[in-house]
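The values are calculated or read from the model by the stated rules, or taken from the named source; none is laboratory data. For clarity, every value in this text was computed on a predicted model and none was experimentally measured. Cβ placement follows ideal geometry from the backbone for every residue including glycine, while neighbour counts extend to all protein chains displayed. Surface accessibility is based on the protein's heavy atoms, side chains included, excluding ligands, DNA and RNA. Shrake-Rupley method; radii C 1.70, N 1.55, O 1.52, S 1.80 Å.
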Amino acid sequence: MLRTNSPAGALCGLGLILLCTLPAQTPPPGVDTIYSGAGGDRFGFRIASGDLNHDGIDDLVVGAPHETGGNRVYVYFGPIELPMHEVPHNGADVVIQGPLNSETGWSITTGNVVAGAEDDLILGAPSQVAGKGAVHVFAGPIAPGTYSTAMATLTVEGHRGLGHAGWAVAAGDFDGDGIDELCIGAATVGLPEVGECYVMDVENAAGPVISTTEATSTLLGVGVTGSAMCNGGDFNGDGFEDLIVGSYGNFWVSGHGWGGTAHIVYGRAAFDAVLDLANAVGSGVANLNGEFEGHNVGYDLAPAGDVNHDGYDDLLIGAPTFLVSSEPGGVDDTGYAYLVLGSRDIGRPQLLGDYPIGWIADLIFAGTTIGERVGLSVAGAGYCGPTWSRVKSNGGGTPGRGDVLLIGTGIDTVHSHAYWIDRETQQSSVGQPVPLKRRRLLVELGNGANRIGSFTITGPAGSALGRWVHGPADLDGDGLSDLLLGAPYQLDYSDPAGDGRVHVHRGQ
């Protein structure tokens, strides 16, 4: 599969309003359980969760997509005990094997896309079908055992040569009919690689194998579009779930080479057969655009949940800024992650059109180390207990509790940051009190000291801990979300691949 990092470019200023500094924090709790791969499989390259055996407890799903050593997906049924121990890959309850060189497990999600089911397991295999790509759906409940992808309930094959359909997958009820749509990213469609995405109603598919030509709507891309996708929840409060699509190579909309864009594709009762993401207003889309060369906005995306408790769902957007020329020269790929609050705090019914992301974000998390690549992965982990979710109130008195935001990097670290809103005073208690609707608050990560509500979790050198982060998921059924961190022991896509691990830090 062809994968391209951004070329060098000129770094521009973000024009931020306020630098947020926070008091010192104690070291993070240690890892509770490690799940390990074998055979150079890139185990932990992707992580997902869902109730796949329909027992009411979250299950852990791990992708191991190496072309020759992997092509597998592992499922570990919850509840999972989380003392300090290691679980080998062969301890999985379910193993799904894809064909050689298919990269099965490159993308994973769960959702109710097959009629009559609850959580289904959805797997991307973007190099299958000679690079056209494929997505496999296993309808829940799934029984323990070993399966091949040929045994999937439904397979959707890409129809564009070397489009790599299944690079990213998402599921959500974007049209409000009660059944999730299956969304498939084909990031390398076209020359140059503009990419496409497909919104598909597959609940009553005609056969076990269908094509992306049967999509309800095709989203025309602007630059590696479909490299990341997620169900963003109801961002604008209109009752429809919203699809978030990443185009980290976008130039055409942002105006910057590899500037990137995160597209908010609002849910609606009926999608047009074709939506042009470059025409945001005409397509009913908001484009949050990169602000300098190599910004790579939209490299990863995740729902944050309603972190400020205003009734609107919020978004996390990663921008790891690969190979950005700094001033006066050299490379500055420290990276950024953006928290964008839902419509109440934006002050309008919804965003529509094109916006610089730095002018829309509520918090901007910035890396401070060259090569850190903050925003390589992002996730909203939810409430993870009084330890992880502790946020000191402004007066230094009673601590608050908030949802945890996970931000992965390229230097074997993950930043865990709690976000809390004081509803009575309408102030943010992430550092200094900030009135609602205030924007562009810069939070520097690291700098040699952790802060109240902020931890830095470090993995072994070369582990690529933070290549993927995931949440929310309660694997042990204690009512607290757990932190799930991937360490595939391979940051970039070269051989030899690492065996890989998944680190689980329990909520506490």
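Split the accessible area of the chain by element, probe 1.4 Å, and carbon with sulfur accounts for 53%.
Take every DSSP beta bridge with both residues inside the chain and express the antiparallel ones as a percent of the total, to the nearest 5.
Of all bridge pairs located within the chain, approximately 80 percent are antiparallel.
Can you give the log10 of the normalised intensity I(q)/I(0) at q = 0.18 Å⁻¹, computed with Debye over equal Cα scatterers of the range 41-153? Computed log10 I(q)/I(0) values: -0.83. Among the listed options (1) 0.98; (2) 1.06; (3) 0.94, the one matching Rg/Rh (Cα atoms, Kirkwood Rh) as calculated from these coordinates is (3).
Each semi-axis of the equivalent ellipsoid for the range 194-237 is √(5λ) with λ an eigenvalue of the Cα gyration tensor; in descending order they amount to 22, 17, 8 Å. Measuring nothing but how far apart in sequence close Cα pairs (under 8 Å, 6+ apart) lie, relative to its length, the chain scores a relative contact order of 16 percent.
The modelled label-to-label distance for the pair His309/Ala130, using points 7 Å beyond Cα in the direction of Cβ, is 5.7 nm. Taking every protein chain into account, the accessible area of the chain amounts to 32 square angstrom per residue (probe 1.4 Å).
Comparing Cα centroids, the range 117-134 and the range 175-200 end up 12 angstrom apart.
Relative to the Cα centre, what is the charge dipole magnitude of the chain, using +1 at the beta carbon of each Lys and Arg, -1 at the beta carbon of each Asp and Glu, and rounding to the nearest 20 debye?
It works out to roughly 1320 debye.
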